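So the structure is just underneath, and the comments pick up after that.
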Amino acid sequence: MNKVIGQTYQYQVFKDYKDLTKIKDIVEEILKWDEKARNSDAYLFTQVVLYVYPRGYSLPFYLTMTDPNCPSYESVRRSRQKVQEEHPEYKANKVVEEKRQDNIEEYLQLALGK
């Protein structure tokens, strides 16, 4: 696992992947290299932003979130979910997976009014 963070991390991981354009491809590449990103959507989102903005976090966060070039947090989360379904080797650790499953079940009960 690459332990360097910030723009150095971004450069080391993605220097050969500048052609990645789809969010899912970017997310998959991050999950391949970074185990922490498998367990935290917030951390994964920051790594995606570092890919979209190769100079690092030079913009204020609120400007980053409203920039049309930046994918939405929810798009990153859904992409992570899809990649982890397709590639079990990129799944989160057992504790996180169990918590995510509990949250899904709780949401379904709420949505169904049970």
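Residue separation of GLU89 and LYS36 scaled by 0.36 nm, minus their Cα-Cα distance, works out to 17.7 nm of gained length.
Multiplying the residue separation of GLU98 and SER72 by 0.36 nm and removing their Cα-Cα distance gives an extension gain of 6.9 nm. Cβ-to-Cβ counts within 10 Å put THR46, THR66 in ascending order as THR66, THR46, the fewest first. By the count of neighbouring beta-carbon atoms within 10 Å, fewest first, ASP34, ASP102, ASP25, ASP41 end up ordered ASP102, ASP25, ASP41, ASP34. Counting beta carbons within 10 Å around each of LYS24, LYS82, LYS94 and listing the fewest first gives the order LYS94, LYS82, LYS24.
Since every read-out is calculated from the coordinates, none of them should be taken as a lab result. Since the model is a prediction, treat every value here as computed from it, not as a measurement. Cβ atoms come from the backbone with ideal geometry, glycine included; neighbour counts cover every protein chain shown.
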